[in-house]
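Take a look at the structure set out below.
None of the figures in this text is laboratory data; all of them are computed from the coordinates on show. Not measured: the values here are computed from a predicted model. With ideal geometry, Cβ positions are generated from the backbone for all residues, glycine too; neighbour counts draw on all protein chains shown.
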Amino acid sequence: MNRNTSASRRPVRGMAVAAGLVLALGLGSTAQASVAGPPTEGGKAGVSAPLSDSGASLSGRQMLRVLKSLLPKGGKISDEQSQEGYAAVVWDDGRGKSMIGVNSQSDMGDVLDGLMGCEGQYIECQALTLADGTKVKRAKRASEKGGSAVVWLVDTLHPDGRRVIVQEVNSYVEGGPVTRPQPPLSLDRLQTIALDSRWAG
């Protein structure tokens, strides 16, 4: 790799999982502002919302079902969070908990124009274009929430503007205490999950 080139369970942790997924994307301030949560009292921004939009074709329940079906067999899920176009779970393969989440969005071509490369603070990053024109960014980076956690992600943008991003953290939430040396799934596995045709509905 090239370097640097449904109903909620346990709502407090679930909100943190959602926020961690948004902040992992490396979108830049303009795009991140478009997905920030509503202001709270005193004018401060609330917890960031998951990256979903009105064009998302899958409900939270469907997103969660697809994500769980694509994870390796034998792992244990201790928490889950979902809404339209978004799902995340806390998954443990017996070697420590990891937050794994996915967002699916429509009509993102213009929003992400010029943002599918490897500019930014990455430990490792690779940007490529598949034969069908789908842009893929595979990256590893330090947590933006502080601490020692690391985030691995695969961000995909299809020619029709449909975007799917999958990420994992070596903690139950980004910014939480490290629960394992590294996230459980390889970038190849994350890419397979992100490119699964079921995210299209």
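Between GLU119 and ASP196, what FRET efficiency comes out of the Förster formula 1/(1 + (r/R0)^6) with R0 = 30 Å and r the beta carbon distance, rounded to 0.05?
Numbers: r = 27 Å, r/R0 = 0.91.
Efficiency, rounded to the nearest 0.05: 0.65.
Defining a contact as two alpha carbons under 8 Å apart and six or more residues distant in sequence, what relative contact order in percent does segment 68-142 show? Could you put the intermediate results ahead of the total?
Values: 94 pairs, mean separation 12.9, N = 75.
Relative contact order for segment 68-142 comes out at 17 percent.
Provide the per-residue ³J(HN,Hα) series for segment 71-83, in order, calculated from phi with Karplus coefficients 6.51, -1.76, 1.60 and θ = phi - 60°, each as a whole number of Hz, with x at glycine and proline positions.
Residue by residue, segment 71-83 yields 7, x, 5, x, x, 10, 9, 10, 7, 8, 8, 7, 7 Hz.
Could you calculate the FRET efficiency of SER59 with ASP132 from 1/(1 + (r/R0)^6), where r is the beta carbon distance between them and R0 is 30 Å, rounded to 0.05? All intermediate terms of the calculation are to be shown ahead of the outcome.
Working: r = 26 Å, r/R0 = 0.88.
The computed FRET efficiency comes out at 0.70.
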